[in-house]
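The values are calculated or read from the model by the stated rules, or taken from the named source; none is laboratory data. On a predicted model such as this, the values are computed, not experimentally measured, just so you know. Glycine also receives a Cβ, built like all others from the backbone with ideal geometry; neighbour counts cover every protein chain displayed.
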Amino acid sequence: MSGANEICRMNALTLAKRIRAKELSPTEVIEAVLTRMEALQPHLHAFCTPTPDLARQEAKRIEKALLANEEAGPLAGVPVGIKDLVCTAGVRTVSGSFAYKDFVPDEDDVVVERLKDAGAIIIGKTNVPEFGYSAVGHNPVFETTRNPWNLEYTSGGSSAGSGAAVAAGMGPFAIGSDGGGSVRIPAAHCGLFGMKASMGRVPLYPGTKDERYPGVSSWESLEHIGPLSRTVADGALMLSVIGSGPDARDRHSLPGPEFDWVACCQGGLKGLRVAYSADWGYAAVDPEVRGVVGEAVKVFERDLGCEVEEADPGFEDPYLAFWGVVALESDLRGLRSMVAKHGHHMTPHIVDFIMRPWTAEELTDSVMVRKAVTNKMWRFMMRYDLLLTPTLAVPPFQLHVQGPEKIDGHIVPPFKWLAFTFPFNLTGQPAATVPAGFSKDGLPIGLQIVGRHLDDPTVLRAATAFEAARPWADKWPSLLASMGL
């Protein structure tokens, strides 16, 4: 038998192994996690719709199957949180919007189907900003998600609740979605591993494909679904389930991988050619972030045997083009009808985006900029095996703003701190974040690791090697100790 706190600090691989060996029961694991959720929810608001009763029912079902020596799946009994933009049959999916406050899907997202089939137990839906159009954790419906490392700071977004939940031990991993960085952002702000695999590795449906859901049926060629986890191996384990091959419901989904997600984490990096861009040549970056990430980059050369070179891909800031692609792929007709009905309840900057009179030239210009960025990147990556950048331009900041107004002395628009994440949604390259270190205030700072087109294995191998050289999984927010957790 293990204590509840010990269970909540176990990684997914350990939990799965011990449950299969009948050293832990699924009900024991779920009760430990639900007890922690009950204690932490009033402080963190990581879950907008907890599902304790459903989790207990599923734990009993899986426990019965295991005791009967029946096959229960590689994740049998392992708890997982599901981002509230990801559809769950029979469980409300609000997407942070008043318009969807009572919406209960009649089908699961592909990744939810796959997690259930693998035996994972859903413990609830994690909080998001409205429709995921922000990189923070407040919305018009639920309490604001807070960062476990400092309750006065954002956990990042849009997978805000997933990041806060995993960082606080409310499950070893959680599902996030990433249309412009929304897995990597909260992972970086919460001191976690997060990854968006190559575009098409993880099928998407129905959230980005179904016209019945105008608020979330968008971002089709930008959106990725991926893990937030305490270890790289746990992220790879989740990807082995959700990224196991194509699905007919997603026309962009790729054939099954030619590699094993977990096995490809192993191996050294000696001799790899690595580029490091501290600011793209144009981005404002907080000095603390530069310092912490710069020290992390040295690990690749000094400890891991890589050939590291400072270099920029050479594209101009594609920020406006990114939003043009979002507009192009959004159901503007449906969204504008929603504004007419619910606009007084909606987040103001989303209403402005929806109602903006986009021109055909703006939309086609955005497509052309995307092509230019993609061409710059593949040519750049011909010279390098990996690209390293800061994940974010700033450490976590205070609640209820979209971003800092000033970075390194420069007045900036509210989303400019995301300069390093969204370009790889335009290109579709695999990109992960790992904890690089902490600010002087004890707040997490992330390092982004980017691979060549479809080269997910090298990204995972690099993240694992860095984790071995600079371990982070034993670091927990002081909030937990103060609560006896």
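Within the bounds of the range 74-88, is there any residue that is buried (at least 20 other Cβ atoms within 10 Å of the Cβ), polar (S, T, N, Q) and in contact (Cβ under 8 Å) with a residue 40 or more places away in the chain? Looking for residues that are buried (at least 20 other Cβ atoms within 10 Å of the Cβ), polar (S, T, N, Q) and in contact (Cβ under 8 Å) with a residue 40 or more places away in the chain, one finds none in the range 74-88, hence no. Out of R61, R18, I need the residue that is crowded, with 17+ Cβ neighbours inside 10 Å and modelled with pLDDT of 95 or more. Which one? Result: R18 is the single residue among R61, R18 that is crowded, with 17+ Cβ neighbours inside 10 Å and modelled with pLDDT of 95 or more. For the range 253-274, a residue qualifies if it is surrounded by 12 or more Cβ atoms within 10 Å (Cβ to Cβ), without any contact (Cβ under 8 Å) to a residue 40 or more places away in the chain and more than 14 Å from L460 (Cα to Cα), but none of them does.
The set of residues in the range 63-73 that are among the small types (G, A, S) and either in contact (Cβ under 8 Å) with a residue 40 or more places away in the chain or touching a Cys at 6+ places or on another chain (Cβ under 6 Å) (or both) comprises A72, G73. With the condition kept exactly as written, say whether any residue in the range 353-369 is under 20 Å from L392 (Cβ atoms), surrounded by 18 or more Cβ atoms within 10 Å (Cβ to Cβ), under 25 Å from the mean Cα position of the chain (by Cα) and in contact (Cβ under 8 Å) with a residue 12 or more places away in the chain. No, the range 353-369 contains no residue that is under 20 Å from L392 (Cβ atoms), surrounded by 18 or more Cβ atoms within 10 Å (Cβ to Cβ), under 25 Å from the mean Cα position of the chain (by Cα) and in contact (Cβ under 8 Å) with a residue 12 or more places away in the chain. Looking across the range 105-134 at every residue that is in a loop (DSSP other than H, G, I, E, B) and either touching a His at 6+ places or on another chain (Cβ under 9 Å) or of a type in the set (F, W, Y) (or both), the one that is nearest to E211 (Cα to Cα) is identified as Y133.
The set of residues from the range 287-332 being free of Cβ contacts under 8 Å to residues at least 40 places away in the same chain and either assigned to a helix (DSSP H, G or I) or in contact with a His (Cβ under 6 Å, 6 or more places away or on another chain) (or both) comprises G291, G294, K298, E301, R302, A327, L328, L332.
Of the set (1) surrounded by fewer than 21 Cβ atoms within 10 Å (Cβ to Cβ); (2) within 20 Å of the chain's Cα centre (by Cα), all apply to I411 but (2). Would you confirm, using the coordinates I've provided, whether V367 is assigned to a helix (DSSP H, G or I), touching a Ser or Thr at 6+ places or on another chain (Cβ under 7 Å) and not hydroxyl-bearing (S, T, Y)? It is false that V367 is assigned to a helix (DSSP H, G or I), touching a Ser or Thr at 6+ places or on another chain (Cβ under 7 Å) and not hydroxyl-bearing (S, T, Y).
Condition check ((1) part of a loop (DSSP other than H, G, I, E, B); (2) out of contact with any helix residue (DSSP H, G or I) (no Cβ under 6 Å at 6 or more places or on another chain); (3) in contact (Cβ under 8 Å) with a residue 60 or more places away in the chain) across all residues:
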{"position": "L392", "(1), (2), (3)": "yes, no, yes"}
{"position": "H400", "(1), (2), (3)": "yes, yes, yes"}
{"position": "A432", "(1), (2), (3)": "no, no, yes"}
{"position": "P435", "(1), (2), (3)": "no, yes, yes"}
{"position": "L447", "(1), (2), (3)": "no, no, yes"}
{"position": "P471", "(1), (2), (3)": "yes, yes, no"}
